[in-house]
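Where a number appears in this text, it was derived from the coordinates with a stated rule and is not lab data. This structure is a prediction, so every number in the text was calculated from the model and none was measured. A quick note on method: Cβ atoms are made from the backbone with ideal geometry, for glycine too, and the neighbour counts reach across all protein chains shown.
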Amino acid sequence: MKSIISEGKTSNEAIENGLKELGLTRSDVEVKVLENEEKRSFYSILSPRIVKVELTVKENREKATEKPRNIVKEEKELSEENYNLAKEDLTLFLDKFLSNFEGVTYEINKNNNLVEIKISGENSSKLIGYRGDIINSLQTIISTIANKRTTDRVRISLDICDYKSKREKTLKELARKLEKTVIRTKRKVVLEPMTAYERKILHTELQNSTAVTTYSIGEEPHRKLVVDIKK
């Protein structure tokens, strides 16, 4: 198991410094105090106070951050009956919801086992939000509505003004820039929290890299992606 030694003026400060270095949370590690701030002699009272702790990454945390193997699951085909039920419920919802946005239209299509919804129009960009937070929330709502009456699971893909295709291109370019940065500095990069969809794009783009590896840390909705040098 991975361990590091961290220092601070107090045990809490030493632990926080170590967690920042690992990019993990308190629940991800086991802590052992090596030098306690309380155990100080009379003659050392004027010397700088340094507390050392050992942080050991929990075994289940290491397994959780490993990249999952690519396991191909056989997906049950979405029947026409279930598709029509989902489309009927989606149409009722979207007609009412989008009536609040002038000039906004949508289309629903079946692409193999995926139900694709594309929204467009002059005011449709309002439904994207900062870094796609609104479109992601809207997709969750739409997915719940689509599966309300169906017996098969209905997978939804929602795109607004081609936001996702543009975002995917941006994230792929970011992945390659981060790869070069990590190779040059020999130091890992921890990104800001991202959705599972966005992390997957970065994972996929760098999965065949011979120099760097990627993994995720933290808990949703604050889960982050890490790009690190391959050992």
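How much of the DSSP beta bridge set in the stretch 78-231 is antiparallel, as a percent to the nearest 5? In the stretch 78-231, approximately 75 percent of DSSP beta bridges are antiparallel ones. The string of couplings for the stretch 14-27 from the Karplus curve (6.51, -1.76, 1.60, θ = phi - 60°) is 5, 5, 4, 4, x, 5, 5, 5, 7, x, 10, 10, 4, 6 Hz, one whole number per residue in order, with x for Gly and Pro. With K and R counted +1 and D and E -1, the other residues having a Cβ less than 14 Å from that of I134 yield a net charge of +2. Using alpha carbons only, the radius of gyration of the stretch 163-214 set against its Kirkwood radius gives Rg/Rh = 0.96. In sequence order, the stretch 134-146 has phi-based couplings of 6, 4, 5, 5, 5, 5, 4, 5, 5, 5, 5, 5, 5 Hz under the Karplus curve 6.51 cos²θ - 1.76 cosθ + 1.60, θ = phi - 60°, and Gly or Pro positions carry x.
When the chain is treated as a Gaussian network with alpha carbon springs shorter than 10 Å, the biggest mean-square fluctuation among R26, R199, R167 belongs to R26.
Pairs to check: K164/K230; K118/K172; K172/K224; K126/K188; K76/K118. Give those whose C-alpha atoms are more than 27 Å from each other in this structure. Beyond 27 Å: K164/K230; K126/K188.
Listed values for the stretch 213-220 are Karplus-derived 3J(HN,Hα) couplings in whole Hz (6.51 cos²θ - 1.76 cosθ + 1.60, θ = phi - 60°), namely 10, 10, 7, 10, 9, x, 10, 5, and x replaces Gly and Pro. Length available on full extension from N113 to E21: 0.36 nm per residue minus the Cα-Cα distance, which gives 28.8 nm. Label-to-label distance, E7 versus T170, with points set 7 angstrom from Cα along the beta-carbon direction: 4.2 nm. When you restrict to C-alpha pairs under 8 Å that are six or more residues apart and normalise by the size of the chain, the relative contact order lands at 15 percent. The tail of the calculated P(r) for the chain, taken as Cα-Cα distances beyond 29 Å, holds 49 percent of the pairs. Hey, quick one: spin label on K76, modelled 7 Å out along Cα-Cβ, who in the stretch 133-153 has an amide N within reach, i.e. under 13 Å? Those under the cut-off are 150-153.
Excluding same-chain neighbours fewer than eight residues apart, the lysines reachable from K9 by a Cα-Cα span under 18 Å are K20, K32, K39, K52.
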